[in-house]
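Data block below; observations after.
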Amino acid sequence: MVRLLMRFLVAISVIAVLAGLTFVYVKPPPSMKLTRDGVPHLSPPVAHPVTGEAIPLERLVQHYKGGGR
């Protein structure tokens with residue numbers, strides 16, 4: 001009886017985890033798409049306006065928002 005109850009609990013847990021992961025994959029929350037500055041997480045590097053070197057887009061946005069290094 002205890003073994004059957006434990007298997008039921010494990011099955012319910014697996015179903016809950018898979019349902020949660022599927023929901024987040026199908027309809028991700030906005031915070032998973034953009035950073036707090038509004039930059040997409042998977043954006044390619046951009047050319048520095050002065051030197052031409054490749055820098056992360058996040059760093060360029062922070063610079064023009066006043067928090068650059």
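Laboratory data are not the source of any read-out in this text; all were calculated from the coordinates shown. Please read these numbers as outputs of a predicted model, since none were measured by experiment. Reconstructed Cβ throughout: ideal geometry from the backbone, glycine too, with neighbour counts over all protein chains shown.
So here's what we get for this one:
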quantity	calculated
Descending principal axes extents, the chain, alpha-carbon based, whole Å	72, 22, 20
Difference of contour (0.36 nm per residue) and Cα-Cα distance, Val10 to Val39	6.5 nm
Phi-based couplings in Hz for segment 30-46 (Karplus 6.51, -1.76, 1.60; Gly and Pro marked x)	x, 5, 7, 9, 10, 7, 5, 8, x, 9, x, 4, 9, 8, x, x, 10
Pairwise label distance in nanometres, Ala54 with Met1, each label 7 Å out on the Cα-Cβ vector	6.5
